[in-house]
Amino acid sequence: VLVLRGHTSTVSSACFSPNDRIIATVSNDGTARLWNWESGEQIQVLNGHDRKQVTSITFSPDGAVVGTAGDDGTARLWSVGSGQQTAFLTGHDDAVTSVSFSNDGKLVATASCDRTARLWCAESGAQLRILRGHTEWV
């Protein structure tokens, strides 16, 4: 059994990279972390969400970028290699609960407690569409 130690609060989500070499985790401590699953070594710590909970994480199809969603009402895209933020997706009016890449990696979808889902350009971070109609949080 491999135990990944580093988060200082509850881990709320985890996922594998497309090549199954990296595990990504998010936590109520406000960070996302990337880990080598074989050694348990922490590869990157991704800081930037303004509140104490990062709610969701996902890899782009090529594994080069991760997307995170947070209680601060934003989603962010990060370079797996450098740990640098590559896009800041802002526009939701409440916590962002989920983030996902399209199969070709060109689009990012987010869902929020503001009862909307939104589509974004993964390269530029530009908001492309707001999907309304939910009567509760998404």
Starting from the range 97-111, take each residue that is closer than 11 Å to residue 59 by Cα and list its partners that are basic (Lys, Arg) and buried (at least 18 other Cβ atoms within 10 Å of the Cβ), counting only C-beta distances under 9 angstrom and pairs at least six apart or across chains.
99/76; 108/118
Just to verify a result, which residue in the range 78-106, among those that are over 20 Å from residue 34 (Cα atoms) and outside any loop (DSSP other than H, G, I, E, B), is most open to solvent (accessible area, probe 1.4 Å)?
90
What tally of residues in the range 38-77 results from selecting those that are among the small types (Gly, Ala, Ser), open to solvent by 10 Å² or more (accessible area, probe 1.4 Å) and within 12 Å of the chain's Cα centre (by Cα)?
2
Exactly one of these conditions fails for residue 1: (1) part of a loop (DSSP other than H, G, I, E, B); (2) over 20 Å from residue 63 (Cβ atoms); (3) touching a residue at least 12 places away in the same chain (Cβ under 8 Å). Give me its number.
(3)
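Of 39, 56, which residue is out of contact with any Pro (no Cβ under 6 Å at 6 or more places or on another chain), assigned to a loop (DSSP other than H, G, I, E, B) and of a type in the set (Ser, Thr, Tyr)?
Answer to the check: 39.
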Residue under evaluation residue 111, criteria (1) part of a strand (DSSP E or B); (2) closer than 23 Å to residue 44 by Cβ, criterion not met:
(2)
Sort out which residues of the range 116-138 are surrounded by 17 or more Cβ atoms within 10 Å (Cβ to Cβ), assigned to a loop (DSSP other than H, G, I, E, B) and not hydrophobic (A, V, I, L, M, F, W, C), and write them in order of number.
116, 125
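The values are calculated or read from the model by the stated rules, or taken from the named source; none is laboratory data. In this text the structure is predicted, and so the values were computed from the model without any measurement. Neighbour counts run over all protein chains shown; Cβ positions are idealised from the backbone, glycine included. Heads up: the accessible areas ignore ligands, DNA and RNA and are worked out on the full protein's heavy atoms, side chains in. Shrake-Rupley method; radii C 1.70, N 1.55, O 1.52, S 1.80 Å.
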